[in-house]
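The values are calculated or read from the model by the stated rules, or taken from the named source; none is laboratory data. All values derive from a computational prediction rather than experimental measurement. Cβ sites come from the backbone with ideal geometry, for glycine too, and all protein chains shown count toward neighbours. Accessible surface areas use protein heavy atoms only, side chains included; no ligands, DNA or RNA. Shrake-Rupley method; radii C 1.70, N 1.55, O 1.52, S 1.80 Å.
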Amino acid sequence: MFSIRYFSYLVKSNFKFLAAFTLVLCAFLIVMCNVFTPETISGISNTTKGTIASNILTGNGTLIGFMSNSFYALMAIIFPMVYSIVVANRMIAEPVDRGSMASFLSTPMSRHKLTITSALYLILSLMVMWGVATIVGITAANAFQPDALDVDTFLMLNLGVFLYHFAISSISFCSSCIFNTSKNSLLIGGGLPLMFFVISLFIKLSDSLEFLEYFTLNTLFNPSNIVNNSGYSQEFMIMALIGIILYIIGIIWFERKDLPL
Amino acid sequence: MQIITVKNFTKDYGNEKGVFGVSLHVEEGEVYGYLGPNGAGKSTTLRHLMGFSKPDSGTLSINDLDSWKDKTDIKKDVGYLPGEIALPEDMTGIEYLKLIDKLRKTNDLSYANELIEYFELDTQVKIKNMSKGMKQKIAIIMAFMHDPKILLLDEPTSGLDPLMQEKFINLIKREKQKGKTIILSSHIFEEISKLCDRVGILKKGKLIKEVVMADLRHTKNKTYKIEFKNENDFNKIRDLYPSDVFKADKNQAIISIVDEEINSLISNLSSCDLLFLKEEKHTLEDYFMKFYGDEENV
């Protein structure tokens, strides 16, 4: 089911991606806790009063409200998304496309062992990314603005955003398993998540585009619902379910398909 | 005992590409040459034997295990050298070989080290900085290092210099002595005729002929090339062997006879004034061209 040897190979050859993206996320969190004190937040909300930007940027005036409206609406979505797209493609479609998958599959390691190990690496690396970000966020908040951060909500936000990326990565992973070329794998596995992101931006810009919320996965991760504690467990479960199903479809598909090796 | 069996194997990729109804078998300890030009379907057959793809129809099996259904189990005893080498780039040669050793759970690099020395390979180099020949050597070592009973080699000497090609041929001879069962796909006649017991000739995805190399080497038909000093002798012999090939401009005759007729040929020639007489060897290449040459005239 799982190959520890192959896993450690994946860790080695993908560590730099994980490190770089985690670093970027942590840097954003630290800057956020450092710079955006209650005074600056009210300053921004005064200057942008009455515009859409005010609503987008500031939220309810607390640190967590500010984070949920800026960090969790933008950086926490797009950066790990790019990570998932790149790494999911590197897991399966790229080595199949290049042909180097032949060297692993000519050993007595089964296809599902390879895909399950790869899937676990991708999921665990996202867990590590958000685990580190959570710890760094709490530490930074304590250092710069003691007691300003609502830790319970912060943890819930991070669980939510992890589940969102679990679902996003499952799309990229499934696509990586289905397609034999990097090009096609990225077209679907990268195109769909990016489209979801763009649609979610459109929705924010105009109320008349609200019907688009049924066409994007981002609807399921709604930071302000989490901050206001207004019913999000169902969404969390749906995201987890989407992730599990798509990972399994990818693994089964790869098991059965013709490989051009 | 049949180690490798292919029965009515068909894989149609469209545009007349693919393999169509190929049946063959390889006995234990036999070296089977798989001969054909690029695109004839050699690699396709080997890939299906490795279980990378599913045949449209027919079955392929190794050691009585189905290549598609038991694709994981068959690999324990198989060493595979792909036709196009692609290796993970971001590691050194030795790291890669160690990884493969671990994935195979053989935990024995002694033969790998022996082969590294044999091929004079520097394994401390990152694979992305390696030349084509070096990558080829890594792939060869990977296929041989766990001492598998069966070897599937797809154009194994491409990218190697003549010296290393010679070394590779000696390696195969050694493996053959150990009793390995080998399929060697190639379009290089020389290495096939040096190594193989039997040769299957593949043309446009169909197995058109199987040749036992020993028969080819010890054929009773022989061909002689003779050049005469003058036209009179040339004409005299031409009258005696009307069905053979004569080139009047060079006074040359190419005469094919069975061994029983050699004495009469010699006595016929004894009164002639010759420039030279030499035997034209029946090579695998001639044999191969006979099948391929026909197509061009049609």
Seminar exercise, completed: Helix B:132-144: inclination vs chain B longest Cα principal axis, degrees, rounded to 10, gives 70 degrees
For this session: Choose one answer from B:80, B:118, B:224: the residue with the largest mean-square fluctuation in a GNM of chain B with alpha-carbon springs under 10 Å.
Result: B:224
Problem set entry | Neighbourhood net charge (11 Å Cβ-Cβ; Lys/Arg +1, Asp/Glu -1) for residue B:154 | 0
Seminar exercise, completed: Candidate cut points under GluC sites (Glu not before Pro) in region B:7-78, DSSP loop plus at most 16 other Cβ atoms within 10 Å of their own Cβ, are B:16, B:28
Seminar exercise, completed: With the charge dipole of the protein assembly as shown built from beta-carbon charges (+1 for Lys and Arg, -1 for Asp and Glu) about the Cα centre, the Cα from B:223, A:126, A:215 projecting farthest to the positive end belongs to A:126
For this session: Within 10 Å of each Cβ in peptide A:96-104, how many partner chain Cβ atoms are there on average? Round it to a whole number, please.
Result: 6
Problem set entry | Set B:42/B:137; B:7/B:220; B:42/B:281; B:11/B:128; A:113/B:178; B:204/B:278 screened for pairs whose C-alpha atoms are more than 31 Å apart | B:7/B:220; B:11/B:128; A:113/B:178; B:204/B:278
Seminar exercise, completed: When the charge dipole of region B:2-216 is computed with +1 at the Cβ of Lys and Arg and -1 at the Cβ of Asp and Glu, the Cα pointing farthest to the positive end, of B:138, B:4, B:125, is that of B:4
Seminar exercise, completed: Restricting to lysines and to Cα separations under 27 Å from residue A:204, and discarding same-chain partners fewer than 8 apart, the set is A:49
Exercise. Which shape class applies to region B:126-185: rounded if a/c is under 1.5, otherwise prolate when a/b exceeds b/c and oblate if not, where a ≥ b ≥ c are the square roots of the Cα gyration tensor eigenvalues?
Worked result: prolate
Exercise. When the dipole is taken about the Cα centre of the protein assembly as shown, and only Lys, Arg (+1) and Asp, Glu (-1) are charged at their Cβ, what size is it in debye, to the nearest 20?
Worked result: 480 debye
Exercise. Under the definition of Cα pairs under 8 Å and six or more residues apart, what whole-number percent is the relative contact order of chain A?
Worked result: 26 percent
Exercise. Once B and A are treated as a pair rather than alone, how much accessible area drops out, both sides summed, in Å² to 100, probe 1.4 Å?
Worked result: 2200 Å²
Problem set entry | Top of B:242, B:162, B:82 by mean-square fluctuation, Gaussian network on chain B, Cα under 10 Å | B:242
Exercise. Could you give the length gained on full extension between residue B:249 and residue B:2, defined as 0.36 nm per residue of separation minus the Cα-Cα distance, in nm?
Worked result: 83.6 nm
Problem set entry | Charge dipole (the protein assembly as shown, unit charges on Cβ, about Cα centre) - positive-most of B:107, B:53, B:18 | B:107
Problem set entry | FRET efficiency, residue A:248 to residue A:184 (Cβ-Cβ, R0 30 Å, nearest 0.05) | 0.90
For this session: Could you grab the relative contact order for region B:182-280? Cα pairs under 8 Å, six or more apart, rounded to a whole percent.
Result: 28 percent
Problem set entry | Highest-fluctuation residue, B:121, B:87, B:103 considered, GNM on chain B with Cα pairs under 10 Å | B:103
Problem set entry | Overall dimensions of region B:2-216 as given by Cα atoms, namely Rg and Dmax in Å | 16.7, 49
For this session: State the three equivalent ellipsoid semi-axes of region A:105-261, derived from the C-alpha gyration tensor as the square roots of 5 times its eigenvalues, in descending order and whole Å.
Result: 33, 21, 13
Exercise. Where Rh denotes the Kirkwood radius from the mean inverse Cα pair distance, what is Rg over Rh for the protein assembly as shown?
Worked result: 1.19
Exercise. Considering only DSSP states other than H, G, I, E and B, which trypsin sites (Lys or Arg not before Pro) in region B:8-107 qualify as loop sites with at most 16 other Cβ atoms within 10 Å?
Worked result: B:69, B:105
Exercise. Kirkwood hydrodynamic radius (Cα pairs, Å) of region B:220-281?
Worked result: 11.5 Å
Seminar exercise, completed: Each residue of B:82-95 has, on average, a number of other protein chain C-beta atoms within 10 Å of its C-beta equal to 4
Exercise. Magnitude of the Cβ-charge dipole of region B:2-216, K/R +1 and D/E -1, about the Cα centre, nearest 20 debye?
Worked result: 440 debye
Problem set entry | Length-normalised contact order for chain B - Cα pairs under 8 Å, 6+ apart - percent | 20 percent
